[in-house]
Amino acid sequence: MIRSEQLFDEARQFIPGGVNSPVRACHHVGAVPLFIESAKDAHLHTADGETLVDYVMSWGPMLLGHAHPDVTRAVRAAAEKGTSFGAPCAAEVELARAVVEAVPGIEMVRMVNSGTEATMSALRLARGVTGRTKVVKFKGCYHGHADAFLAAAGSGLATLSIPGTPGVPAATVADTLLAAYNDLDAVADLFEAHGDDIACVIVEPMAGNMGLVPAAEGFLEGLRGLCDKYEALLIFDEVITGFRLSYGGAQTRFGLTPDLTCLGKIIGGGLPVGAFGGRRELMERMAPCGDVYQAGTLSGNPLAMAAGIATLKALKQMDYAALEKRTAALAGELADILRGKGLPVTLHHIASAFTLFFTEGPVTNFAQASAADTDLYAKFYGAMRAGGVNVAPSAFECAFTSFAHTEEDFERTVEAAKKAVF
Ligand code: PMP
């Protein structure tokens, strides 16, 4: 038995499903989870001795590549000085300043420990500020695993939410109103019906959790307009897009300012971090200067802050446009190769993220994304893995490139795709 199978067997005795987050399970693609020994630049070294070119990149945080020397050095230096204080430290101020300077919609920011905490806390703040309870979310958008966001549409009726998992009370998601991504009319209808009760609209400004689905022309502007009209808050969940679509995130790239912004992943450089921020008068409603409570023993953790500061400093020097161009070329070539094999492929690409959907498309929302052929994707996964390339073990994810991916890495990826048999 190979090492990863041994580890997986053992893991399943002590950890549900053998993994600490379900997305790591690889059963959808007929594989055991990757057990990683180490990672450097764009490469994963597995417990089985494989070296893989990585396009998961920890599901987004590693935009600089794995084990970037500046980040590693910063974490090591911080660890020498103590791993947690439960009291403020200068690094928190420095990272907060860097985030405020980079992200137009953020005048003040609070650090938390994950994207889930960021969205959960932003929702509480939106409800606290507006005195309203309902939240509009989009089908296929993921905002972490807090109860209010785990709603799926029931019986095709967008406004009737049923919990997406046992354990979430129906009453909790009764205040979660659902609309299809890119369907502005549906959101307008929700506001028409519930305008006085809607605290906020939360949206991924580029959907990344049903595969990559871009916001259609005018969609985000339309949301901004509706929120303004009904005095609801617009929340951009930039946990994926923050510091990826541009240094200032999706809002800089698209020139649109939300009321609140959620961040995660990249701002922690691979350590557990999230953050939410917004206009000063909104953020000052947070305890202790305001009345909306939120807290965290490990929030603003010195190791995480050090990793975040080093990551943002390095990213600021990077050529985002060049990486975008190289990523477009790679994604385009992969799509051409797969189409050349007679497969239906819809390619979406922005910045350093892309998704190849195995469907003729178009893919503008979750229903259309769900039409993609998951069996074909499983074969694609297997072929890429055999060729030394790690793509997500699910058809509905982004592939992420990083500043550490070399042309050689891309060539290896293209070769693996060429060899794939379906
Ligand atoms: N929002 C978005 C857009 C995400 O992609 C994710 C994680 N994939 C989250 C929130 C939740 O973040 P975390 O897993 O750090 O709780």
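The values are calculated or read from the model by the stated rules, or taken from the named source; none is laboratory data. Not measured: the values here are computed from a predicted model. In this analysis, Cβ positions are derived from the backbone assuming ideal geometry, glycine residues included, and neighbour counts consider all displayed protein chains.
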Discussion item. Just to verify a result, which residue in the stretch 175-212, among those that are in contact with a Gly (Cβ under 7 Å, 6 or more places away or on another chain) and surrounded by 24 or more Cβ atoms within 10 Å (Cβ to Cβ), is farthest from residue 391 (Cα to Cα)?
Written reply: 181
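Just to be sure, is residue 222 surrounded by 24 or more Cβ atoms within 10 Å (Cβ to Cβ) and under 19 Å from residue 141 (Cα atoms)? Let's see the steps before the verdict.
Working: surrounded by 24 or more Cβ atoms within 10 Å (Cβ to Cβ): no; under 19 Å from residue 141 (Cα atoms): yes.
Judged against the criteria, residue 222 is not a match.
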Item to complete: Just one of (1) assigned to a helix (DSSP H, G or I); (2) out of contact with any Leu (no Cβ under 6 Å at 6 or more places or on another chain) trips up residue 110, so point out which.
Response: (1)
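Can you go through 188, 250 and tell me which one is in a helix (DSSP H, G or I), of a type in the set (Gly, Ala, Ser) and within 13 Å of the ligand (Cβ to nearest atom)? Walk me through it before giving the result.
Details: 188 fails: within 13 Å of the ligand (Cβ to nearest atom).
Only one candidate qualifies: 250.
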Item to complete: Check off (1) of a type in the set (A, V, I, L, M, F, W, C); (2) farther than 23 Å from residue 69 by Cα; (3) assigned to a loop (DSSP other than H, G, I, E, B) for residue 354 and give me the number that stays unchecked.
Response: (3)
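Please work out if residue 406 is surrounded by fewer than 22 Cβ atoms within 10 Å (Cβ to Cβ) and in contact (Cβ under 8 Å) with a residue 12 or more places away in the chain. Lay out the reasoning, then the answer.
Details: surrounded by fewer than 22 Cβ atoms within 10 Å (Cβ to Cβ): yes; in contact (Cβ under 8 Å) with a residue 12 or more places away in the chain: yes.
The answer is yes for residue 406.
Out of 148, 102, 122, which single residue is more than 16 Å from the ligand (Cβ to nearest atom) and within 19 Å of the chain's Cα centre (by Cα)? Even if it seems obvious, please write down each step before you answer.
On the way: 148 fails: more than 16 Å from the ligand (Cβ to nearest atom); 122 fails: more than 16 Å from the ligand (Cβ to nearest atom).
Residue meeting the stated conditions: 102.
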Worksheet item: Which of the residues that make up the stretch 265-289 are free of Cβ contacts under 8 Å to residues at least 60 places away in the same chain and not charged (D, E, K, R)?
Response: 287, 288, 289
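Looking at 256, 263, can you tell me which residue is surrounded by fewer than 21 Cβ atoms within 10 Å (Cβ to Cβ) and not in a helix (DSSP H, G or I)?
On the way: 263 fails: surrounded by fewer than 21 Cβ atoms within 10 Å (Cβ to Cβ).
Just a single option satisfies the conditions, and that option is 256.
Listed residues 89, 26; which is out of contact with any Phe, Trp or Tyr (no Cβ under 9 Å at 6 or more places or on another chain) and in contact (Cβ under 8 Å) with a residue 12 or more places away in the chain? First the steps, then the outcome.
Values: 26 fails: out of contact with any Phe, Trp or Tyr (no Cβ under 9 Å at 6 or more places or on another chain).
Going through 89, 26 in turn, just one is out of contact with any Phe, Trp or Tyr (no Cβ under 9 Å at 6 or more places or on another chain) and in contact (Cβ under 8 Å) with a residue 12 or more places away in the chain: 89.
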Item to complete: Report yes if some residue within the stretch 62-78 is within 16 Å of the ligand (Cβ to nearest atom) and either modelled with pLDDT of 95 or more or among the acidic types (Asp, Glu) (or both); otherwise report no.
Response: yes
Worksheet item: Exactly one of (1) more than 18 Å from residue 399 (Cα to Cα); (2) touching a residue at least 12 places away in the same chain (Cβ under 8 Å); (3) part of a helix (DSSP H, G or I) is unmet by residue 380. Its number?
Response: (1)
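Among 367, 399, 372, which is the only one that is in contact (Cβ under 8 Å) with a residue 60 or more places away in the chain, surrounded by fewer than 16 Cβ atoms within 10 Å (Cβ to Cβ) and under 25 Å from residue 23 (Cα atoms)?
Values: 399 fails: surrounded by fewer than 16 Cβ atoms within 10 Å (Cβ to Cβ); 372 fails: surrounded by fewer than 16 Cβ atoms within 10 Å (Cβ to Cβ).
Answer to the check: 367.
Each row is one residue, and each column tells you yes or no for (1) of a type in the set (Gly, Ala, Ser); (2) within 13 Å of the ligand (Cβ to nearest atom); (3) touching a Cys at 6+ places or on another chain (Cβ under 7 Å).
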residue	(1), (2), (3)
202	no, yes, no
219	no, no, no
227	no, no, no
233	no, no, yes
237	no, yes, yes
